[in-house]
Each structure stands twice: as structure tokens, then as C-alpha cells.
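For reference, the structure is listed below as C-alpha cells.
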Amino acid sequence: MPKSTQEQLRFHPSNGKTIRADFNGGELSSDFGTLLLRETILQSGLICKMTDAINDRRHQSYIDHSLKELLVQRVLQMACGYEDANDSNRLRKDPMFKLATGRNPLDSDNHLASAPTFTRLGQSMTRSDIYRMAEAFVHHFISSYKLPPPVIVIDLDHTPAITHGGQQMNLFNAKYQDYCYLPLMIFEGLSGKLITAILRPGKTPTGKENAAILERVIRLLRKKWPKTHLLVRGDSHFAQPELMWVVQNAPHSDYVLGKGAGHKTALRPKAKELLDEARQALKVKTELARLNNMPEPDRLRLYGEAEYQAKSWKGLDTRIIYKAEVNQKGDNPRFIVTSMKEASPEVIYEELYCPRGQDENFIKHLKSDLSGDRL
């Protein structure tokens, strides 16, 4: 008979004690995953960066839980599906959570923090603390690369975090028809890595606000990667002159942003000729498909560019590209504005702009897997 090789699972020591996984029973917990997450925390170093970013104003002689321990406990709970701070009242005595945070799991007089402690921690945060934490995310993103990448894609997107109480800065947003926060999420479009996240009120951001945030992010990236090409990508909410100026003034940088068609006398007429051509081509292909008993095409796309300059864009070097799409239900033109001059309209639209939709999946994972919208 073949012999099974038995191996022990070994983890980093905690509180001077060796940690090994044993499957022979004993003290049991339903949250063994905390040890696996602890390994990730130790290897990533992100919690240490966050701890350094927060100014702990407590008198260190009178505290039972260090700031780092509080952050580790909160992150572990959320990652294990316990997103409410109130859950800590029950989990503070869990041996696996205690072990993962560096405490003796069997010491009945040495428990983790309770919900009131996390409430005080949240209330103690200042604007400067939050700013430095956002910067810490950027530094962590940079440190994830061994060498400067030749290009990164900065994907910008806002997402609603619906509120259910009297939280500060929660405002009614007409687009989402609810009271919410509207944080800005910035991901790297090629790798899916989080660059940073900005908690902000529920109101629609101004161009000045978006530009100020992007400018700070680019400044941090440029300190480490002066020659990396930056492609800033976002939907039509980011097609604002203030933001485009930030990118145009930054070296080795481009943008590709959605552009609303606006009033019927603005952009839509510029796509009329190509839409007519696409409509006729779709009609011919549909008739040929019917004659040959083949599936009928549901749509046809052509790509072009148009001359257009908004009054607020004076001085900006822009290029309008559009997709002239017709389907069996009608016309579906889409426009984007970009600073890129070399690539064809189809390449810019399909290969550079359309993958922006993946950013929505990154946000979905953050919300559904980590309850990132429970604020």
C-alpha cells in the first residue's frame, strides 16, 4: 500500500510560542482561517504602514491594546465575515483570533478589544490620519513591484456605500436615490491591485476635487517611478478639464475618459455619417444571413473620430473618438476623449478604454467579499 506523507503546517511564532496545526482534536475554533490571514498580514506589511500613519493619542501607559493589535483584530474579523464592530464582543475571547493577534489563546484574563474600543478608535481619527492612511495604500502599492513597471493603468471610479443612520457626511445622491457615502476607488487596471481608496461624502465630486486627489497620487508614483507611463482611465464623470490638465502637465502620462454625448446638437451629429454606414451594413448582413439560414447579427460597430473642443477645454490637447454602433433596436453611439495620438480609434476604444469595466468587478469583490461598503 502507498504510504501517505504526513506534514505539519507551520506558522510564524506568536508570543514566543511555536504554532503548528494539529488535527487530533483539542480546543476547537471555527475560524482557523485567522492563522492563514495572519501570515498574509505579516508578509504584506500593510498593517504596519497603517499603524505608522495614525497618530495614536492615547497614553501608552494605560492601554491594554496597541494600535497595531486593534487594526489586526478588526481586519481579521472583517476578512472572516464579521464586519460589524459589535461582533468583537463575542470574538474577543475566541482562541484563534487571540492567537492570530499575538495573544495567549488560553489566557482567560487576556482578551482582545471589545466594540466600545473600536468605536473610540474610529471617533479619534483626524483628517490628517485619514490622509496619511490613503497615502499608505499608495506606498504599499508601489512596494508590491520589485522593479518599476513600464506602464500602469490608473482606473478611477466612485461607488455608493449606502448609509442607514446619522453618519457624518452621508448625503442624498440623486443618481442612486438614497443616502450614501461616495468613496473614490483607484485600482491598477492591469493587475487589479488597489492603489488607494478615498472616503468622501455622498455628493457628486467636482472636477477640482478629482484633480486634487489624482495629482497627489501621481506625485507619489513619480517619486519612485519617474519614467513609468501612466494611463488614467475613467467614465464620463471624470472628463473634467481640471483632471485632464493634471494628466497633460504630468510627464509620460495620458488619459482616456468617457464623454457623454451631451445635447443633440453637440457630439451626436458628428457620428451621423458613420452611423448611417453602419446601419446600412447591418441591414445587408442581416439579409444575407436570412438568405443563408444563418444567425442574424445583433449589432455592427464602426469607429471614428471627430473634431470637438468644449469651451472649458481651451489649451487642452484632446482627441474625440467614438463608436458608431447600431443594433436591431436602434443606434448606440458612444464617445470618449483621450490625449493619445498614435493608436487608431478602434484600438483606443476597444483595447484601452473598454477594459475599464473590469474596475467594476474589483469593486464588486471588495463589497461582496470584504463588506467594504459597511461603513
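Going through (1) in contact with a helix residue (DSSP H, G or I) (Cβ under 9 Å, 6 or more places away or on another chain); (2) of a type in the set (Asp, Glu); (3) more than 24 Å from Ser368 (Cβ to Cβ); (4) not in a helix (DSSP H, G or I) one by one, Glu83 falls short only on (3).
Just one residue in the set Tyr353, Tyr308 is in a loop (DSSP other than H, G, I, E, B) and in contact (Cβ under 8 Å) with a residue 40 or more places away in the chain; that residue is Tyr308. Per the conditions (1) closer than 27 Å to Gly372 by Cα; (2) exposed (fewer than 13 other Cβ atoms within 10 Å of the Cβ), the sole criterion not satisfied by Lys17 is (1).
Would you check which residues across segment 216-252 are of a type outside the set (A, V, I, L, M), modelled with pLDDT of 95 or more and in a helix (DSSP H, G or I) and list them? Passing the criteria: Arg216, Arg219, Arg222, Lys223, Lys224, Phe238, Pro241, Glu242, Trp245, Gln248, Asn249. The one condition from (1) buried (at least 19 other Cβ atoms within 10 Å of the Cβ); (2) at pLDDT below 95 that Leu199 does not meet is (1). Being surrounded by 15 or more Cβ atoms within 10 Å (Cβ to Cβ), over 21 Å from Glu242 (Cα atoms), touching a residue at least 24 places away in the same chain (Cβ under 8 Å) and not β-branched (Val, Ile, Thr) is a condition met by at least one residue of segment 291-300. For segment 204-211, the count of residues that are within 23 Å of Phe362 (Cα to Cα), in a loop (DSSP other than H, G, I, E, B) and in contact with a Leu (Cβ under 8 Å, 6 or more places away or on another chain) is at least one.
Reported count of residues in segment 314-339, each being out of contact with any Leu (no Cβ under 9 Å at 6 or more places or on another chain), assigned to a strand (DSSP E or B), closer than 18 Å to Ser236 by Cβ and not basic (Lys, Arg), is 1.
The values are calculated or read from the model by the stated rules, or taken from the named source; none is laboratory data. These figures come from a predicted structure and were not determined experimentally. Note that each Cβ is placed from the backbone with ideal geometry, even for glycine, and that neighbours are counted across all protein chains shown.
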